[in-house]
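Read the figures in this text as sums done on the coordinates, not as results from a lab. Everything numeric in this text was worked out from a predicted model, so none of it was measured.
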Amino acid sequence: MWFCEGICGTLSNILLIIAVILALHYVYLLSNRNYWINRGVFSPNSGALFGNLPGQVNGKRHIMYELDELYKKYKSSHAYIGIFNFRSPRFLVFDPEVAKDILVKYFKNFQGTELYGKIDEKSDPLLGGHMFVHIGEKWKNTRQSISPAFTNLRIKATHPIYVNVYEKMKNFIKNEGTKKNFSGFDAKDLCARFTLSVVSNSIYNVDPKVFDGSESEILARAQSFLTPSKKFMIFSILYSIYPFLTKYFKMTFTQPGSEKFFLNLMMDSMRQREASGIKNLDYLEYLIGLKHRKEIDDLGIASHGASFLIDGYDTSSNAIAAALYELARNKKIQSKLREEIKSKMPNDEDFTYDNIMALDYLDQIWHETLRCHNPGSYLARLCTDPITLNLPKEKKVHFIPGDVVYIPVQSIFKDPEYFNNPLKFSPERFAPENGGVKAFMDRGVFFPFGLGPRICIGNRFALAQGKFGIAALIRDFEVSLNPKTVEDSEIHPQAIIVGVTNCFLEFKEI
Ligand code: HEM
């Protein structure tokens with residue numbers, strides 16, 4: 001009896017302690033719910049645990065849809081609102097003028113991205129060396145040392161690589177398309193093979209062999225790089241609930257083994273190029289130059305190489321896949337583009353970098369694709385220096401380091417106030433007679449590559465790669481949707497780079 005009483009007593013003590021901990025935790029979760037209200041910022045009701053973005057935790061909805069729902073609900077009455085991602089306050093901007101000011105005018109105060117201070121540079125030197133995770137001098141130095149790799153001259157010099165890779169893709173399409181069990185090309189997969197080949201040839205001078213049916217380790221490594229591990233997801237959630245944890249624990253994003261793989265790949269490529277005595281104007285040559293000028297150590301070079309590979313392949317492949325999807329379901333637009341290509345570049349030798357870049361209608365299609373299917377779902381800026389901003393309606397809002405601003409680019413790009421009939425794929429909205437892309441950029445409502453000092457460093461490379469891929473395919477094939485395609489499919493909840501999903505294409509040679 002006394003024994004049972006003892007156990008019951010201990011059990012009830014344990015239960016009491018658990019209940020107290022849970023109650024204290026609940027109080028902690030709610031303790032900052034006036035964070036925005038105290039600063040005079042409207043803040044809609046939010047759930048105690050998940051805040052305003054519950055899809056982040058239950059994994060049911062991509063954050064882009066959650067931000068869009070808030071945008072549609074509050075944009076007509078507010079220029080910005082204060083929300084919570086779990087317990088972490090987020091300042092959600094609707095007004096493009098405010099967004100532009102934060103990205104450009106007040107960059108000094110809002111320098112960081114959401115990843116700043118969270119990545120463990122020791123255990124994850126590949127992502128740790130990426131400019132995206134840094135601020136201040138470190139960011140500036142990395143950006144300055146990489147920027148010259150993206151001059152027009154160097155990008156133009158990559159053209160022969162596109163031609164070479166495209167020939168392989170064309171044969172792949174023709175061969176696969178005639179197989180008995182063929183049921184359409186997964187648009188994203190096909191375009192990823194193209195851009196990965198281009199980028200891998202440009203940085204490592206290595207053909208990843210993605211069009212010959214063999215397993216490609218580079219492709220697998222690149223894909224796993226963009227698939228957040230469970231550990232990373234758990235850390236992200238914990239940081240949102242307990243932001244102070246970033247001071248004690250940093251995250252490793254890169255999958256085990258990647259560091260060694262990309263380091264060896266980079267070093268082997270540099271050794272082979274130097275031994276060959278070949279001089280080229282490609283990115284490999286540029287990275288070799290950096291090494292010789294001793295501006296950066298081997299791991300730093302490997303990090304540059306890997307980040308170029310990752311940044312360069314997935315964003316662009318999503319954009320090309322989205323363009324093909326729209327062209328396949330808008331056959332008139334496809335024919336009009338083909339006419340432009342054939343009339344301006346009737347022969348193979350006319351298919352040059354300069355001629356492709358001069359195609360007006362292709363340019364409109366490219367921008368309309370980035371408007372309808374931008375690979376980025378939102379922009380985030382971390383306040384790094386305190387500032388009080390004068391916001392619309394004479395309001396002053398004070399920001400402190402650690403505050404994060406969200407800019408819902410997808411919602412702004414599809415807002416009927418700025419774009420007529422926004423859900424319609426209509427390249428003509430960017431036609432020169434309508435003011436071109438510039439008209440929308442000047443209004444601050446279209447910035448597919450971001451704005452300000454952190455604007456995409458690879459935008460010209462993306463343009464060259466994307467336009468080449470689209471123009472070459474449309475010149476040679478009529479592109480259609482395979483019936484397996486699920487039009488307007490939802491984006492996967494955990495996708496980092498967003499694009500069309502469940503899109504399967506068929507190609508008929510012309
Ligand atoms: C269609 C293709 C692409 C799109 C839509 C795109 C979009 C963007 C955007 C919106 C940003 C700014 C992020 C921010 O402000 O927080 C960015 C940054 C960046 N992009 Fe791209 N990008 C594309 C292709 C590329 C390519 C091909 C490369 C390199 C080969 C690249 C490298 C980078 C880098 C390194 C940054 C970070 C810049 C910094 O933090 O200073 N991107 N990109």
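General remarks:
- Built amide H within the under 5 Å cut-off of Leu505, gap 5+: Phe185, Asp186, Ala187, Asn482
- Per-residue 3J(HN,Hα) values for region 95-103, derived from phi via the Karplus relation 6.51 cos²θ - 1.76 cosθ + 1.60 with θ = phi - 60°, read 7, x, 5, 5, 4, 4, 4, 5, 6 Hz in sequence order (x marks Gly and Pro).
- Close amide H partners of Gly376, meaning residues 5 or more places away or on another chain with modelled amide H under 5 Å apart, are Val498.
- Region 318-377 versus region 236-299: alpha-carbon centroid distance in Å: 33
- Long-range HN-HN contacts of Tyr80 with modeled amide H, under 5 Å: Phe94
- Residue-wise HN-Hα coupling along region 410-417, computed from phi with Karplus coefficients 6.51, -1.76, 1.60 (Hz; x: Gly, Pro): 4, 6, 5, 5, 10, 7, x, 5
- Gain upon complete extension [Lys396, Arg61; 0.36 nm per residue less C-alpha separation]: 117.3 nm
- Principal-axis analysis of the Cα atoms of the chain puts helix 258-276 at an angle of about 30° to the longest axis.
- Prolate/oblate/rounded label for the chain (Cα gyration tensor, a/c 1.5): prolate
- Those lysines that a straight Cα-Cα span of less than 23 Å connects to Lys168, excepting residues fewer than 8 apart in one chain: Lys156, Lys179, Lys180, Lys188, Lys209, Lys342, Lys467, Lys508
- Using a cutoff of 8 angstrom between alpha carbon atoms and counting only pairs six or more residues apart, the relative contact order for the chain works out to 22 percent.
- Evaluating 6.51 cos²θ - 1.76 cosθ + 1.60 at θ = phi - 60° for every residue in region 232-246, the Karplus couplings come out as 5, 4, 5, 4, 4, 5, 4, 4, 6, 8, 10, x, 5, 4, 4 Hz, glycine and proline recorded as x.
- Those lysines that a straight Cα-Cα span of less than 20 Å connects to Lys291, excepting residues fewer than 8 apart in one chain: Lys138, Lys140, Lys260, Lys279
- Angle between the chain longest axis and helix 360-372 axis [Cα atoms, degrees, rounded to 10]: 20
- Here region 361-510 yields Rg over Rh of 1.03, to two decimals, using C-alpha coordinates and the Kirkwood radius.
- If you take the Cα centroid of region 137-164 and the Cα centroid of region 398-417, the two points sit 29 Å apart.
- Acute angle (nearest 10 degrees) that the helix 298-329 long axis makes with the longest principal axis of the chain, alpha-carbon atoms: 70
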